Each structure stands twice: as structure tokens, then as C-alpha cells.
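Rule-based calculations on the coordinates, nothing more; no lab input. Quantities reported herein were computed from a predicted structural model and do not represent experimental measurements. Cβ coordinates were reconstructed from backbone atoms using ideal geometry, including for glycine residues, and neighbour counts include every protein chain displayed.
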Amino acid sequence: MDSAVSNAKTERVAKADAADAVRVRRVRAADVPHVIDLDAHVTKIAKAAYWNDIFRRYGRQRLNERFFLVAEDGAQRSGSGVLGFIIGEIRAWEFGSTPCGWVFALSVEPRARLAGIGSALFAAISEEFKKAGVNKMRTMVARDSMLPLQFFRSEGMMAGPYLQLEKDLE
Ligand SMILES: CC(C)(COP(=O)(O)OP(=O)(O)OC[C@H]1O[C@@H](n2cnc3c(N)ncnc32)[C@H](O)[C@@H]1OP(=O)(O)O)[C@@H](O)C(=O)NCCC(=O)NCCS
């Protein structure tokens with residue numbers, strides 16, 4: 001077999017195995033410090049108060065329309081193996097939009113990337129949105145942020161019908 005083909009196949013199998021080993025579930029209080037650490041590591045801005053508030057609102061309230069999910073290493077049972085998270089909610093009638101799912105946070109631990117964890121989180125929240133009765137999901141990405149753009153495009157997301165407008169306030 002051609003070694004490039006063989007390597008590509010080995011990589012796909014390894015990625016599928018890694019994604020299978022990951023478990024996606026709702027966030028728990030014990031995960032919040034790990035979410036705070038992961039976000040601080042990735043964004044270089046520590047914001048514990050923000051994440052505690054997000055947990056209170058999205059991990060505890062209106063759970064039929066708010067989804068704060070974490071991916072953990074399936075083999076790790078200690079509850080400290082958070083490898084990534086995704087957060088979204090059903091939003092209705094903003095700017096005339098019919099109810100749709102909004103993803104407003106997604107992050108995967110840098111050392112665990114490119115192993116299908118982002119896709120597993122995306123698939124899990126898509127399923128929750130569908131179960132909640134919406135047939136469209138949206139997110140927002142900075143134009144110059146190639147990584148999330150590539151990721152969301154690979155998940156089938158495309159430019160939507162809304163334009164974001166802004167103005168400096170003096
Ligand atoms: C974007 C992010 C969530 C992807 O997580 P991940 O677990 O590495 O993603 P996956 O392994 O599931 O990749 C799925 C697909 O996304 C695309 N993708 C992911 N990382 C990529 C990269 N570095 N370069 C190009 N494409 C990439 C690929 O198409 C990939 O599929 P493929 O490997 O079969 O080609 C992760 O890189 C991350 O946390 N980035 C920093 C935070 C961020 O940008 N968050 C999003 C906006 S809030």
C-alpha cells in the first residue's frame with residue numbers, strides 16, 4: 001500500500017478512536033474550575049467571575065433551552081478530565097428570527113485538538129438543538145479568525161442572512 005495512503009488511513013482511525021474515547025455530557029459544578037483554566041490558557045485572560053455566572057445561568061437554569069456541554073476523556077472517571085466545552089441556547093424572535101440554536105462558546109484543550117473533540121461537541125449540541133425543536137443553528141466568528149472559521153465551515157456552517165453592525169460610542 002502507498003505509505004501516504006496508509007498514513008492518512010492510520011490518522012483517520014486514530015482520530016475516530018480518540019473521538020470515541022471522549023464522552024460529552026452536561027457540565028457539573030466540579031468542571032467549572034477546569035473550564036476557567038482551559039479558557040484562561042487559550043485566551044490568556046482569566047475570567048472566573050464570568051464563567052461562574054455562565055455556569056449559574058447555562059448550567060443550572062432553563063436546561064430545556066440552554067446547553068453547556070463538556071467533553072471528557074471517557075477513560076477518566078475522576079471528573080477532572082475536561083478536554084473541551086461548548087455552550088449554546090435557543091434564541092427566539094431576535095431581529096425577527098424564528099427560534100434557532102446559538103453557539104456562543106467553544107474551546108478544546110490545545111493538546112487534545114485535531115482529534116475530533118470539537119466535532120463531537122458540535123454534534124452533541126446540534127442534537128440537543130434538534131431535540132428542542134429547532135432546525136437551524138447559528139454562531140458568530142471574527143472575520144480574521146481562520147481556525148474557528150475553518151472548523152465551523154467543516155461542520156457545514158455557511159454565511160447566514162444577517163449582517164452585524166456596530167458603532168463606536170463616544
Ligand atoms: C476550533 C476548535 C474548537 C476545534 O477543535 P478540534 O477538537 O481541534 O476540532 P476537530 O478535531 O473536531 O476538527 C474538526 C474539523 O475542523 C477543522 N479544523 C480543526 N482544526 C483545524 C486547524 N488547525 N486547521 C484547519 N482546519 C481545522 C478540520 O476541517 C477538522 O476536520 P479534519 O481534521 O477531518 O480535517 C479548537 O481548535 C479550539 O478550541 N480553538 C480555539 C478556540 C476557538 O477558536 N473557538 C471557536 C470560537 S468560540
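Extension gain for the segment Ala142 to Met157, taken as residue separation times 0.36 nm less the Cα-Cα distance, is 4.0 nm to one decimal. Simple point charges give the picture: +1 on the Cβ of Lys and Arg, -1 on the Cβ of Asp and Glu, and for the chain a dipole about the Cα centre of about 440 debye. Under a model in which nothing but the beta-carbon of Lys, Arg (+1) and Asp, Glu (-1) is charged, region 89-170 shows a dipole of about 320 debye around its Cα centre.
Here the simple spin-label model places points 7 Å from the Cα toward Cβ, and for Arg60 and Phe95 these points are separated by 3.2 nm. By the helix-only formula, in which each DSSP H run with n ≥ 4 contributes -39500 (n - 2.57) and the sum is divided by residues, the chain has a 222 nm mean residue ellipticity of -12500 deg cm²/dmol. Distances longer than 24 Å among the Cα atoms of the chain: what percent of all pairs is that? Result: 42 percent of Cα pairs exceed 24 Å. Placing unit charges on the Cβ atoms of the charged side chains and taking the dipole of the chain about its Cα centre, the candidate lying farthest along the positive direction among Ile117, Tyr58, Phe95 is Tyr58. Maximal additional length on extending the Leu114-Asp53 stretch stands at 19.0 nm, based on 0.36 nm per residue less the C-alpha distance. Counting Lys and Arg as +1 and Asp and Glu as -1 over every other residue whose Cβ lies under 12 Å from the Cβ of Gly160, the net charge comes to +2.
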